[in-house]
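*Asks:* Just passing along the structure, written as structure tokens.
The values are calculated or read from the model by the stated rules, or taken from the named source; none is laboratory data. Please read these numbers as outputs of a predicted model, since none were measured by experiment. Cβ placement follows ideal geometry from the backbone for every residue including glycine, while neighbour counts extend to all protein chains displayed. Side chains included, ligands, DNA and RNA excluded: accessible areas come from the protein's heavy atoms. Shrake-Rupley method; radii C 1.70, N 1.55, O 1.52, S 1.80 Å.
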Amino acid sequence: MRAEILDGRSHAHTVIETARARAATLRRRPGLAVVLAGDDPASHLYVKSKAKRAEKLGFLTDLKLLPATVSEMELLNVIQALNDRDEIDGILVQLPLPTQINTLRVMAAIDPEKDVDGLHALNAGLLTQGADALVPCTPLGCLRLIKSVVPDLTGSHAVVIGSSNIVGKPVAALLLAERATVTQTHIHTRDTQFICRGADILVSAVGKAGLVRGDWIKPRAVVIDVGTTRVEQADGTFLTVGDVAFDEAVQVAGALTPVPFGVGPMTIACLIENTVKAAVARQTG
Ligand code: NAD
């Protein structure tokens, strides 16, 4: 039996409509600032679609585009100014940042109450304690997709490939908070394939096209493909593909996210959800 395809667009629609209804109860519209430093074309595309989505919902939106040469102090000043603006409820700084900038120092400068990508140490710490926090958008989107097919994760074996601060670690923390048994792997893990074969839930967040083959997957497992890699085709055009060899995985898995239109739309939807969550907390205090 072929896997159920988890369409991120339809799940994202539900998340956004719920957030929109919640935003309508606020005394003022939510405000989102998106900050990008540098000229990476993919990052430009991401921040523009994030800002556009917020704008379409009627949110106050402020897109700050800074040059690749921006100094850390200049960027910290931009963040401080956004922290001080009452009408801004959420601040997202798009990663990666130019190499002259210390990412952790920048994350630490964001007001934790406005930290809609959940990367401030306070929110990351609260998440690992299983407490209420602003949670990174992509991991939150992954969890929503997983729970759409497995509402109760108690005792499931979840394997997360990748251990970055922005995806792998928070995905693992969320799954642990849902009472799954979690194995986290990374580039130095031995026998990743063997570990994956035991997974009821398999999340891959690496960025290596076709890493996860069909025979890595336990029959009927839920497979979430976070990875995105642009691969050049014979005709010179580019295709965005995931970490999972889709055509093989679809024959084995119980449910599977496609790339594109799986996790991607959920990242934006969860940013909207987090912005409304921050706005509610700030406005109703
Ligand atoms: P990252 O480079 O910070 O982390 C990659 C992780 O994968 C690291 O922990 C590394 O140890 C591990 N890794 C590398 N090679 C490996 C291998 N061969 N086997 C096992 N583990 C290996 O990347 P990231 O920021 O976590 O992003 C991961 C991927 O997810 C990227 O492709 C990125 O584009 C994508 N992404 C997608 C979305 C979305 O909305 N769809 C959002 C964020 C990231």
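*Asks:* Let me test this: with uniform point scatterers at the alpha carbons of the chain, what is the Debye-based log₁₀ I(q)/I(0) at q = 0.13 1/Å?
*Replies:* Here the Debye-derived log intensity ratios amount to -0.89.
*Asks:* For region 80-99 and region 224-285, what is the centre-to-centre distance using only Cα atoms, to the nearest Å?
*Replies:* Going from one Cα centre to the other spans 23 Å.
*Asks:* Right, another one. Hey, what angle do you get for helix 263-284 against the long axis of the chain, alpha-carbon based, 0 to 90 degrees rounded to 10?
*Replies:* 40 degrees
*Asks:* Further question: Tally up the carbon and sulfur contribution to the accessible surface of region 28-111 as a whole percent, 1.4 Å probe, everything protein left in place.
*Replies:* 56 percent
*Asks:* Roughly how many whole Å is it from the C-alpha centroid of region 1-61 to that of region 167-214?
*Replies:* Between the Cα centres of region 1-61 and region 167-214 lies a distance of 26 Å.
*Asks:* Given the options 115, 39, 191, state which has the largest fluctuation in a GNM of the chain using a 10 Å cut-off (strictly under) for Cα springs.
*Replies:* Comparing 115, 39, 191 in a Gaussian network model of the chain, the most mobile one is 191.
*Asks:* Here's another thing I want to ask about it. Counting only DSSP beta bridges with both residues in region 136-265, what percent are antiparallel, rounded to the nearest 5?
*Replies:* The antiparallel fraction comes to roughly 20 percent.
*Asks:* Then there is this: Relative contact order, percent, of region 136-265 when contacts are C-alpha pairs under 8 Å separated by at least 6 residues?
*Replies:* Relative contact order here is 22 percent.
*Asks:* Ok, one more. Among DSSP beta bridges lying fully in the chain, give the percent that are antiparallel, nearest 5.
*Replies:* Here the antiparallel bridges make up roughly 10 percent for the chain.
*Asks:* At a probe size of 1.4 Å, how large is the accessible area of residue 231, to the nearest 10 Å²?
*Replies:* For residue 231, solvent-accessible area is about 50 Å².
*Asks:* Another question about this same structure. Any cysteines in the chain with zero other Cys Cβ atoms under 4.7 Å from their Cβ? List them, or say none.
*Replies:* Singleton cysteines: 142, 196.
*Asks:* Here's a follow-up. By how many degrees, 0 to 90 and rounded to 10, does the Cα axis of helix 72-84 deviate from the longest principal axis of the chain?
*Replies:* 70 degrees
*Asks:* Compare 239, 175 by solvent-accessible area with a 1.4 Å probe and give them largest first, with all protein chains kept in place.
*Replies:* Of 239, 175, the descending order of accessible area is 239, 175.
*Asks:* To test your reading of the geometry: what angle, between 0 and 90 degrees and rounded to tens, separates the Cα axis of helix 168-177 from the longest principal axis of the chain?
*Replies:* 80 degrees
*Asks:* Quick one: Debye curve from the alpha-carbon atoms of region 136-265 only, equal weights, vacuum; give me log10 I(q)/I(0) at q = 0.15 Å⁻¹ to two decimals.
*Replies:* After summing over all Cα pairs, the log10 values are -0.62.
*Asks:* Moving to a separate point now. Could you give the semi-axes, largest first, of the ellipsoid that matches region 24-183, computed as the square roots of 5 times the alpha carbon gyration tensor eigenvalues and rounded to whole Å?
*Replies:* Sorted largest first and rounded, they come to 28, 19, 15 Å.
*Asks:* Of the lysine pairs in the chain, how many meet both conditions: Cα atoms under 25 Å apart, and a spacing of 8 or more in sequence or different chains?
*Replies:* Pairs that pass both the separation and distance tests number 28.
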